[in-house]
Amino acid sequence: MWKYTLKRLVQGLITVWFIATATFLAMHAVPGDPMSGDRAVSAEIRKNLEAKYGLDKPLGEQYVIYLGNLARGDFGISFTQQNREVNDIIREHFPISATLGVLAIVFAALGGILFGALTALYRNKLPDILIMFFVILGISVPSFVFAALGQLALVKLNDLLGFSLLPVAGWGTVSHMLVPALVLGLGTMAYLTRLMRSSMLEIINSDYLRTAKAKGLPATRIFTRHQLRNAILPVVTVLGPAIAGITTGSFVVESVFAIPGLGRYFVQAVQQLDYTVIMGTTVFFGSFLVLMVIIVDLLYGLIDPRVRLE
């Protein structure tokens, strides 16, 4: 187990290094200068920034300085936000994105498992047809469309009721989180529903289920202890990337609902060519995704005793 864990951590570090390198090269290939034009800084500030990040040195030396800063956990200082470090931006705004993402993954996981089980139990019947129609809709329609429709529905509902049932935008209370989290989790919920349905149908005629029925076990116990437990394993496998993807992929939803999460700051950094924020948040998001995948890999063996980690 320890050998496998160490191996996965080393692989994760290599992946993060590749992400950091690709981001560094991409940023230097993008045309434009974050310290000129509308975002121009004084000559003294520019000189200090160039000295700190080696911007006046060859690309190879800049890369070494960049990796050295990353190794120390220093993502640098924002080029566009005065006297603000990227570490502080991540520290202050990632918890908001994480809170929204956790709530979204709860909606997605519970809905995906429930609706997937229902479609399998009522295969080719009305519940299955209706749920699969909405599943295809959830997979096909982009999140920004759901975000706009959700916000429009809130406006119409509040106008109809004559009072604000749920806030249209902003952040601060649980009521601010519900609709954005649901919108953010819809695509993942649809995917998990489809995956759960396929997994349930694969094992519905398996030998161990027939044996359990022959023993006279109650239908609820067969469903929960044998059918659901084994069918849920593929869902658990994709939960790690799904958690990281939802938590770090809320850019559009945060922008539409004016949520001050890290995704919103990433979008602003791209618009303003804030190199340090773009590179810092990209490496942070990539590291978070790699970490979640490793954790799921390790937990998979605990959930399914048939799996042996070597």
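Summary table
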item: Nonlocal amide H pairs with ILE77, under 5 Å, H built at 1.01 Å; result: VAL86
item: Top positive-direction residue, dipole computed over segment 77-173 with Cβ charges, set THR173, ASN124, ILE136; result: ASN124
item: Crossing angle, helix 126-140 versus the chain [Cα axis fit, 0-90 degrees, rounded to tens]; result: 10
item: Highest to lowest packing among 188-197, 112-121, scored as the average C-beta count within 10 Å; result: 188-197, 112-121
item: Net charge contributed by nearby residues that have their C-beta within less than 15 Å of THR15 (K/R +1, D/E -1); result: +1
item: Directionally averaged projected area (convex hull, Cα atoms, segment 89-220), nm²; result: 11.5
item: Mean Cβ neighbour count within 10 Å, used as a protection proxy, ranking 198-205, 268-275 highest first; result: 268-275, 198-205
item: Charge dipole magnitude, Cβ of K and R +1, D and E -1 - the chain, Cα centre, debye nearest 20; result: 1500
item: On Cα atoms only, tilt of 233-248 relative to the major axis of the chain in degrees; result: 30
item: Spin-label model distance (nm) - LEU110 vs ALA219, 7 Å beyond Cα toward Cβ; result: 2.5
item: Span per principal axis, largest first, for the Cα atoms of segment 163-301 (Å); result: 65, 43, 20
item: Accessible area in square angstrom per residue, the chain, 1.4 angstrom probe; result: 55
item: Ratio of the Cα radius of gyration of the chain to 2.2 N^0.38 Å, where N counts its residues; result: 1.22
item: Solution diffusion estimate, µm²/s, Stokes-Einstein, segment 52-142, Kirkwood Rh from C-alpha pairs, 4 °C, viscosity 1.567 mPa s; result: 73
item: Angle between the chain longest axis and helix 43-53 axis [Cα atoms, degrees, rounded to 10]; result: 50
item: Karplus (6.51, -1.76, 1.60) ³J(HN,Hα), θ = phi - 60°, over segment 19-25, in Hz, Gly and Pro reported as x; result: 4, 4, 5, 4, 5, 4, 5
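The values are calculated or read from the model by the stated rules, or taken from the named source; none is laboratory data. From a predicted model like this one, the values you see are computed outputs, not experimental measurements. Positions of Cβ are generated from backbone atoms using ideal geometry, with glycine treated the same way; all protein chains shown enter the neighbour counts. Ligands, DNA and RNA are excluded from the accessible area calculation, which covers all protein heavy atoms including side chains. Shrake-Rupley method; radii C 1.70, N 1.55, O 1.52, S 1.80 Å.
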